[in-house]
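Everything on this sheet refers to the single structure shown next.
The values are calculated or read from the model by the stated rules, or taken from the named source; none is laboratory data. In this text the structure is predicted, and so the values were computed from the model without any measurement. Cβ atoms come from the backbone with ideal geometry, glycine included; neighbour counts cover every protein chain shown. Surface accessibility is based on the protein's heavy atoms, side chains included, excluding ligands, DNA and RNA. Shrake-Rupley method; radii C 1.70, N 1.55, O 1.52, S 1.80 Å.
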Amino acid sequence: MTGKNGWLSNEDFANRVRLGTLPSIDLIISDREGQILVGERLNRPARGYLFVVGGSVQKNEDFYGEALPRISQGETGIKLCRKDVQPMGLYRHIYDDNFSGTEFGTDYFACGLKVIMPLSSAFVRETGERKQHGGFMWLDVPSLMNHNRVHENTKAYFEKDPKNLIFNAS
């Protein structure tokens, strides 16, 4: 059953995660200096890792008209639209755990969207609601690739031939 605002109940969402693959949006946000925004994952899967911001696309939710602005505003405080992003590709993210525990894993089809922020990095840190991520930081690409807390699925967005790339949109 759906809860308020059309969201699935925790039980139904757990079944969806257990039985299928979730569509999601990952925002690969860079500032004017080319540094990438990452935040510490607050929830499973990948809790505790540094990851680009993003979130799941809900059933019947318009990708660019509803999901993108909802996710971007919820995570950064900035409401993005289609003209603000450049698709990078479709990636497969597979995890051993899920939002509710470790009884089963999570499988995502993540659409990587590149965003260049015209605003200062301080703006993002101060305004995001931090539903999925906290402890935001900006890393240049070499530092991101060498950081032991940055998740491999985030590093894949900057690899020449990532093993989890399904479709390259560039």
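With all protein chains kept in place, the per residue accessible area of the chain amounts to 54 square angstrom at a probe of 1.4 angstrom. In sequence order, the stretch 59-74 has phi-based couplings of 4, 6, 8, 5, 4, 8, x, 10, 5, 4, x, 4, 5, 5, 5, x Hz under the Karplus curve 6.51 cos²θ - 1.76 cosθ + 1.60, θ = phi - 60°, and Gly or Pro positions carry x.
Quick check: at a probe of 1.4 Å, how many percent of the accessible area of the chain sits on carbon and sulfur atoms? Display every interim value, and only then the final one.
Numbers: 4520 of 9220 Å².
The C+S portion of the solvent-accessible surface of the chain is 49 percent.
Could you give the length gained on full extension between Glu61 and Met145, defined as 0.36 nm per residue of separation minus the Cα-Cα distance, in nm? Can you show the working numbers first?
Values: separation 84, 0.36 × 84 = 30.24 nm, distance 3.30 nm.
Value of the extension gain: 26.9 nm.
Taking Pro23, Pro142, Pro69 in turn, the Gaussian network model of the chain (Cα-Cα springs below 10 Å) assigns the largest fluctuation to Pro142. Loop-located trypsin sites (Lys or Arg not before Pro) in the stretch 1-65 (DSSP state not H, G, I, E or B) with no more than 16 neighbouring Cβ atoms inside 10 Å: Arg32, Arg47, Lys59. Heavy-atom accessible surface of Arg92, to the nearest 10 Å², is about 80 Å², with a 1.4 Å probe and all protein chains retained.
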